1. Please enumerate the residues belonging to the range 165-182 that are farther than 20 Å from residue 30 by Cβ and assigned to a helix (DSSP H, G or I).
2. Answer with yes or no whether residue 185 is at pLDDT 80 or above, closer than 30 Å to residue 214 by Cβ and either not charged (D, E, K, R) or not in a strand (DSSP E or B) (or both).
3. What are the residue pairs meeting all of these: first residue in the range 201-218, first residue free of Cβ contacts under 8 Å to residues at least 12 places away in the same chain, second residue surrounded by 15 or more Cβ atoms within 10 Å (Cβ to Cβ) and not in a helix (DSSP H, G or I), Cβ atoms under 7 Å, and 6 or more apart or on different chains?
4. If residue 44 passes every condition in (1) touching an Asp or Glu at 6+ places or on another chain (Cβ under 8 Å); (2) more than 29 Å from residue 188 (Cβ to Cβ); (3) crowded, with 19+ Cβ neighbours inside 10 Å; (4) modelled with pLDDT of 90 or more but one, which one does it miss?
5. Here is a list: 72, 59, 11, 16. Which entry is within 28 Å of residue 186 (Cβ to Cβ) and crowded, with 20+ Cβ neighbours inside 10 Å?
6. Which condition number does residue 232 fail, the rest of (1) part of a loop (DSSP other than H, G, I, E, B); (2) crowded, with 18+ Cβ neighbours inside 10 Å being met?
7. Can you tell me how many residues within the range 25-60 are within 16 Å of the ligand (Cβ to nearest atom), over 18 Å from residue 103 (Cα atoms) and of a type in the set (A, V, I, L, M, F, W, C)?
8. Would you check if residue 63 is within 12 Å of the ligand (Cβ to nearest atom) and part of a loop (DSSP other than H, G, I, E, B)?
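The values are calculated or read from the model by the stated rules, or taken from the named source; none is laboratory data. The structure displayed is predicted, hence computed values, not measured ones. Glycine gets a Cβ as well: all are built from the backbone with ideal geometry, and neighbour counts include every protein chain shown.
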Amino acid sequence: MVKGVKGDREVTLLLVEDEEPIADMLRVGFFYEGFRVEVVPGGRAALDFLDRDHADLVVLDIMLPDMDGFKVCERIRARGLDVPILMLTAKKEIEDRVKGLNLGADDYLTKPFSFDELLARVRALLRRSGRKGEAVVLSAGDLVLNVVTREVKKGDEIIRLTPTEFSLLELFMRHPRRVFTRETLLNRIWGYEYVGDTNVVDVHVSHLRSKLGDRPPRLIRTVYGVGYAFYPKE
Ligand code: CA
């Protein structure tokens with residue numbers, strides 16, 4: 001077992017999308033899911049990025065201003081890169097999907113789609129490609145959280161968490177010893193639009209501690225008058 005916590009933003013997604021509202025939605029969504037996100041507005045910028053940097057997965061829109069997604073896909077493969085590619089298409093024609101897959105895309109999704117659906121596809125592709133298999137596993141002592149399978153284990157015991165508890169634990173494990181204020185946790189987990197009492201944070205932390213059997217000295221410590229911090233056991 002590796003001690004401490006690893007895996008902070010180790011999976012890089014390259015989003016190739018020129019429509020800003022969609023690009024922004026995906027950027028924020030994937031960021032909060034723990035990915036490193038790079039957004040480029042066109043095909044040429046995508047190829048430039050891949051020439052100088054690494055991506056674990058490319059989410060590629062078909063309708064781009066400079067060259068279409070099929071061409072981008074073809075050029076990525078022509079460079080000998082086997083990065084998984086998920087294509088986004090506004091068109092429903094099956095020929096597009098077939099064309100994309102023939103050119104080397106691994107999966108496609110038809111617009112409009114929900115973020116959760118895209119996230120599930122991205123995770124499935126990353127799992128299939130075996131990329132960063134370990135990087136999405138966070139561990140602290142005998143506590144192991146797998147970001148891809150959404151599984152949390154303490155020793156051999158599987159801990160069943162709600163999505164909110166999972167997100168909280170993931171955030172803590174990605175940032176050991178960092179003190180989070182209740183307001184920060186509200187923003188990060190519940191979102192900026194959430195209007196409510198910060199007590200909701202205390203309630204969820206309390207549930208999380210109880211499910212983890214977290215007794216003093218705790219993993220999730222209360223920093224009085226401030227918030228909470230995660231202390232991995234050595
Ligand atoms: Ca587009």
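1. Step one: filter the range 165-182 for residues farther than 20 Å from residue 30 by Cβ, giving 165, 176-182.
Passing the criteria: 165, 182.
2. Values: at pLDDT 80 or above: yes; closer than 30 Å to residue 214 by Cβ: yes; either not charged (D, E, K, R) or not in a strand (DSSP E or B) (or both): yes.
Against the criterion (at pLDDT 80 or above, closer than 30 Å to residue 214 by Cβ and either not charged (D, E, K, R) or not in a strand (DSSP E or B) (or both)), residue 185 qualifies.
3. That search, which allows pairs on different chains as well, returns 209/218; 209/220; 214/220.
4. Exception for residue 44: condition (3).
5. Details: 72 fails: within 28 Å of residue 186 (Cβ to Cβ); 59 fails: within 28 Å of residue 186 (Cβ to Cβ); 16 fails: within 28 Å of residue 186 (Cβ to Cβ).
When all the criteria are applied, what remains is 11.
6. (2)
7. The qualifying residues number 5.
8. Values: within 12 Å of the ligand (Cβ to nearest atom): yes; part of a loop (DSSP other than H, G, I, E, B): yes.
Considered against the rule, which asks whether it is within 12 Å of the ligand (Cβ to nearest atom) and part of a loop (DSSP other than H, G, I, E, B), residue 63 comes out as yes.
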